[in-house]
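Everything on this sheet refers to the single structure shown next.
The values are calculated or read from the model by the stated rules, or taken from the named source; none is laboratory data. Every value quoted in this text rests on a predicted model; they were computed, and no experiment measured them. Cβ: placed from backbone, ideal geometry, glycine included. Neighbour counts: every protein chain shown.
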Amino acid sequence: MDNHKPFIKYVPNLLTVFRLLLVPVFYYAFWRPGFLLPDRFLACLVFVTAVFTDWLDGVIARKYDASSNFGKLMDPVADKLMTIMALFCFYVSGLVDWLFLAIVILKELAMIVGGYVLLTYRIVVYSKMCGKVAACLFYLAIVMTFFTALWPWNTYVLYAAMALMIYSFFFYLRDGIRQLKQRKKEGKTLKGHEKMQ
């Protein structure tokens, strides 16, 4: 089993790159309804594949201690780009409201920028349960939106997911600010000791 570990450590990053490549594939599939599969089922399949590989690379990274700085930075970027692309396509198609799209984009951009800033201080804010539930609801709502028979239930799930996402965002924000202040405080303390010596 140990012989597979060197290669397996690259798998999470490869899956992240794969998910990044799926973003333009999703866009193409969405605007080519009926291509290979009926209606927009191909686009739906691409989205589900992205969600599955997101879960899979997390499992592999934890099991084989295969996390990396690239993964910490680009994994959420790949996830958020796919989410924003799906919502953008839905908005252009008239399937979701522009306000919902704007709020989600602002929230996701804040998470990306904030995550990058924290990463420069070697701080990682781990997922909270409310964030995981919000993500699951959000993915479910996006998949539901592909099926017109489920309207308007998809809208209810979307807004429930958005409310929970905003709620969890403030938990991440509070935790990130707390850790950042602590890290800066530790840095000042270390500099003070160095001056005294």
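Which of the residues that make up segment 83-108 are part of a helix (DSSP H, G or I) and either within 20 Å of L42 (Cβ to Cβ) or hydroxyl-bearing (S, T, Y) (or both)?
Here is the first cut: in segment 83-108, the ones part of a helix (DSSP H, G or I) are 83-92, 98-108.
T83, I84, M85, A86, L87, F88, C89, F90, Y91, V92 - these are the residues of segment 83-108 that are part of a helix (DSSP H, G or I) and either within 20 Å of L42 (Cβ to Cβ) or hydroxyl-bearing (S, T, Y) (or both).
Looking at K80, is it surrounded by fewer than 17 Cβ atoms within 10 Å (Cβ to Cβ) and of a type in the set (D, E, K, R)? Working first, answer last.
Numbers: surrounded by fewer than 17 Cβ atoms within 10 Å (Cβ to Cβ): no; of a type in the set (D, E, K, R): yes.
Against the criterion (surrounded by fewer than 17 Cβ atoms within 10 Å (Cβ to Cβ) and of a type in the set (D, E, K, R)), K80 does not qualify.
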Condition check for G115: part of a helix (DSSP H, G or I), closer than 30 Å to F41 by Cα and at pLDDT below 80 = no
Residues in segment 22-34: is at least one small (G, A, S) and in a loop (DSSP other than H, G, I, E, B)?
-> yes
Given the conditions (1) among the β-branched types (V, I, T); (2) within 18 Å of I142 (Cα to Cα); (3) free of Cβ contacts under 8 Å to residues at least 40 places away in the same chain, which single one is not true for I112?
-> (2)
